[in-house]
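As structure tokens, the structure follows; a few thoughts come after it.
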Amino acid sequence: MTYAGFSTIMMVKLMVKALHKTIRMSIKRLYLVTLLLLMGCQQAGVGQDKAILPASAETAEAEVDKELKIYKSTLLEGKNEQIRIDAATVMLFNENPLARKILLDALKQTDNVAARVAVCRALSQTRTGLEPIKNKKDFIQPLLDILASNTSGTAKPAAEATLIFEYEQISEPIEKLISDPTLAVETKLNAIYALELHPDMRVAITLIGLLDNPEQKLSAAADKMLLSMGLQAGKTAESRKKAIDKLKREGSEGFFQNYVTRQQKQLHEMRIELNQLQGLYLTALGKCYDGISDDAAKGQFLAEHLQSPKAVVRLWSLEKVHQWRVAPGKSKFPAELGPILVNLISDKDRNVRLKAARLLSFMGELNSAEPLLSQLKEEQDDEVKMELFVALGYAFVPNPTTKIPAEIRKQSLEWAVKYLAEQDPKKTQKGAEIMKKLLEQNELTAAEIDRYLTLLVQRYQKSNANGQLRGELLSTMAGLCAPQNIHNTQCKKYFKPLFEESLNDKTNLVRESAVDGLIYIDKTETLEKLRKDLTNDPSVVIRKKLIDLAGEVGGKDDLSWLAEKIGSDAESEPAWQAMLKIFRRSETDILSEWIDKLVPQDSKTKLSDEQKISLLEIAEQKAASENKPKMLKNTRERLAKLYTKTGQFERGADYLGMLYEAAQTTEGKMAILPDLLNVYLKWSKAEPAAKLVENCLLEKDLDPNGVVIGTIEDYLSSPPTGTDPNTVLKTLLSNIKPTVNRPKWEQQKKNWIDHIGKTNDSGKGKKRDN
């Protein structure tokens with residue numbers, strides 16, 4: 001790498017500074033030239049009907065001299081620094097020798113610091129320009145004179161201006177300034193600063209040589225500048241000699257490469273340190289914020305920091321506003337933050353504008369439509385522009401306190417048209433999304449609605465190659481057919497043919513969106529049309545939509561295909577819930593038919609016990625309300641068994657009790673009694689169980705092989721988990737007090753008491769063994 005190739009790699013702060021100034025210079029240079037031309041026109045005394053043209057070369061020269069006088073006056077007397085720099089820049093590239101003389105004279109004017117600095121700045125900015133300065137050597141000595149004069153405020157700009165020269169052109173005179181014993185220390189420090197700006201191996205060697213200078217300020221400055229270059233020369237003469245030898249071995253090209261590496265490393269370390277400091281600061285800021293409990297005080301805190309001069313703090317504050325905005329609860333959001341947030345969409349920092357625009361999408365109640373539209377027209381960053389556009393769409397949320405002018409709405413719709421027509425699918429989708437939001441407002445005529453709907457259809461038809469975009473556009477159209485859109489009748493007319501033809505599309509999203517649209521248009525008609533072809537569609541989304549639709553408007557014709565989905569992984573429960581909805585609005589004969597299909601153990605449709613109970617509960621309600629005693633009895637018998645089977649003993653006992661009371665004959669009651677007794681025992685309700693046995697003993701003695709004794713024995717042999725059957729039996733026996741002599745019962749009772757005793761003795765023996 002040569003010095004010439006490296007000349008564009010300077011100190012980072014100077015590079016950034018020069019870049020910004022170059023941009024400003026280009027704009028304001030044009031402004032200055034325009035201003036000068038206008039002033040020239042005024043001085044030329046243009047007539048009402050014709051212009052006065054130069055009649056001779058002398059006149060033309062006079063006009064040029066007038067122009068230079070204006071430049072000179074601007075340079076020497078201009079009140080704005082940038083316009084002084086612009087005037088100097090124009091004269092730098094002016095071919096007239098007088099222009100160069102004006103600049104050189106300005107550099108000598110010790111009583112006009114502003115003009116001297118302006119010329120220095122103009123010279124520095126030419127390093128990033130494409131046009132070279134002719135005879136730039138003219139400026140070497142004037143710049144050196146400024147360094148030597150040590151005039152306050154001009155030394156550093158002059159030092160930075162020396163960067164337009166090769167090191168060889170200025171090294172010797174600068175080094176002479178440093179070694180001149182007659183010059184002040186401050187002058188020599190200026191010269192050292194000028195040296196440091198030139199990334200050259202010889203500069204490093206010169207600085208190492210200054211470490212032994214008896215003037216402490218010079219040696220300290222040299223040491224500091226070496227460190228800024230990423231070099232250390234040590235404290236002894238030997239170590240410094242080794243450092244110089246190492247630099248010479250590297251050579252100029254090696255030095256440049258190492259210098260760049262060191263500068264990049266330093267820059268990286270500085271960035272890390274800056275990020276750490278920012279993190280610490282923001283953490284401390286967060287602790288202060290979290291310590292505020294009063295909403296008004298929190299709002300004031302955020303209002304202050306949203307207007308911080310530091311972009312990182314404004315971004316932190318915006319995030320806190322977002323968290324507050326979306327947090328659940330009744331905390332009152334401060335109204336005074338609204339105008340501040342709206343102002344931030346035109347912030348100078350791109351990330352702040354982006355975050356502010358995204359935040360406004362959550363805050364449609366703010367009166368932000370007009371500022372958003374204004375910034376959208378000015379914004380240059382594509383991503384920020386997109387977020388501004390999205391926020392603009394949400395700014396039209398109906399708000400009784402805000403009336404948005406019709407012209408703003410119209411312009412916003414035209415922006416939606418622009419985005420809709422974009423080739424980028426993301427932009428097209430956003431255009432359609434925002435157009436939908438605006439079309440849902442009751443502010444447009446039927447003719448205007450027709451125009452925008454036509455544009456949507458046309459854009460959809462142009463998106464054949466992009467299935468994802470077709471699906472998103474069709475989804476927008478489906479949303480426009482929803483009941484909440486006051487213009488949905490027009491939308492249905494435009495979009496129904498598209499929905500129907502898209503049902504055969506290969507892209508899932510397209511078919512899904514088409515189904516949504518058709519459902520919005522007519523649910524019953526859509527179900528009748530789609531149950532033939534799409535109940536087993538490859539898209540699980542479509543299958544679930546049809547299941548839900550069947551639950552909402554379906555009938556007995558839908559029960560068969562829904563039943564086929566019972567037991568499938570994703571659709572079993574939705575299908576069952578849809579069937580229950582249909583059952584609730586079905587006739588009792590349909591219910592009876594499907595109970596006989598679904599409830600038996602050998603049914604092909606494997607319902608869970610809980611699902612069977614849900615179905616039977618619906619049947620019970622219908623049978624009771626429509627006075628169907630036979631169906632009611634059968635349903636309650638099945639429910640009683642299922643409640644008992646699933647451990648719902650209380651409900652099982654209730655239903656068996658109802659059946660027992662409803663039985664008209666003793667045989668009927670005795671048929672129910674074993675099941676009722678079994679439920680009471682499993683439920684550990686010994687008292688009602690005892691009452692049942694007592695009633696039986698009133699009729700007759702209980703045979704050991706009879707159903708009552710058998711039911712108790714079955715319970716003892718297989719009690720519910722977690723219960724002590726002996727405790728339940730003891731309570732049962734103690735509550736049964738026959739009023740007549742029942743020898744068989746007394747013998748059975750004795751057998752059970754003996755059994756309990758033996759069980760207790762066995763338990764005690766085990767305890768003693770342990």
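Things to note:
- Accessible area of the chain belonging to carbon and sulfur atoms, whole % at 1.4 Å probe: 52
- Remark: the chain carries 53 Å² of accessible area per residue (probe radius 1.4 Å; ligands, DNA and RNA excluded).
- Around the Cα centre of region 652-746, unit charges on the Cβ atoms of Lys, Arg, Asp and Glu (plus for the first two, minus for the last two) sum to a dipole of about 200 debye.
- Candidates per trypsin sites (Lys or Arg not before Pro) in region 286-387, loop by DSSP, up to 15 other Cβ within 10 Å: Lys310, Lys330, Lys332, Lys348
- Among the protein heavy atoms, those of Thr187 account for about 10 Å² of accessible surface (1.4 Å probe, every chain in place).
- The value obtained for region 160-296, namely the Cα convex hull volume divided by the number of residues, is 178 Å³ per residue.
- Positive dipole terminus of region 247-388, leading residue within Gln263, Phe333, Leu247 (C-beta point charges): Leu247
- In Hz, Karplus ³J(HN,Hα) per residue of region 476-492 (6.51, -1.76, 1.60; θ = phi - 60°; x = Gly, Pro): 4, 4, 4, x, 6, 8, 5, x, 5, 7, 5, 9, 5, 5, 5, 5, 4
- Ratio Rg/Rh, restricted to the chain and using Cα atoms, in which Rh is the Kirkwood radius: 1.25
- Furthest towards positive pole of dipole, Asn96, Ala106, Gln125, structure part region 85-193, Cβ charges: Asn96
- The translational diffusion coefficient of region 218-326, from Stokes-Einstein at 37 °C and 0.692 mPa s with a Kirkwood hydrodynamic radius over alpha carbon pairs, comes to 182 µm²/s.
- When the helices of the chain are scored as -39500 (n - 2.57) per DSSP H run of n ≥ 4 and the total is divided over every residue, the value at 222 nm lands at -23000 deg cm²/dmol.
- A simple charge model with +1 on the Cβ of Lys and Arg, -1 on the Cβ of Asp and Glu and nothing else charged puts the dipole of the chain at about 1080 debye relative to its Cα centre.
- Among the listed pairs Lys529/Lys597; Lys298/Lys332; Lys641/Lys685; Lys545/Lys604, those with a Cα-Cα distance over 21 Å are Lys529/Lys597; Lys545/Lys604.
- Taking a sphere under 11 Å around the Cβ of Glu593 and counting the other residues whose Cβ falls inside, with K and R at +1 and D and E at -1, yields a net charge of -1.
- Per residue Cα convex hull volume in Å³ - calculated over region 644-770: 108
- In this structure Leu280 has an accessible area near 120 Å², from a 1.4 Å probe over the protein heavy atoms.
- Rounded to the nearest 20 debye, the dipole size of region 260-344 about its Cα centre is 240 debye, using +1 on the Cβ of Lys and Arg and -1 on the Cβ of Asp and Glu.
- Cα lying deepest toward the dipole's positive end in region 181-245, options Thr187, Met225, Leu197, charges on Cβ: Met225
- Ordered from largest to smallest accessible area (heavy atoms of protein chains, 1.4 Å probe), the residues Asp450, Asp533, Asp294, Asp347 come out as Asp533, Asp294, Asp450, Asp347.
- For region 525-605, the C-alpha radius of gyration divided by 2.2 N^0.38 Å, with N the number of residues, is 1.05.
- nm² value of the averaged projected area, convex hull over the Cα atoms of region 614-708: 6.5
- Neighbour-limited loop hits for trypsin sites (Lys or Arg not before Pro), region 618-727 (at most 13 other Cβ within 10 Å; DSSP other than H, G, I, E, B): Lys700
The values are calculated or read from the model by the stated rules, or taken from the named source; none is laboratory data. What you are looking at is a predicted structure, and each value in this text was computed from that prediction instead of being measured. Heads up, the Cβs are rebuilt from the backbone with ideal geometry, glycines too, and the neighbour counts pull from every protein chain shown. Keep in mind that these areas ignore ligands, DNA and RNA; they rest on the heavy atoms of the full protein, side chains included. Shrake-Rupley method; radii C 1.70, N 1.55, O 1.52, S 1.80 Å.
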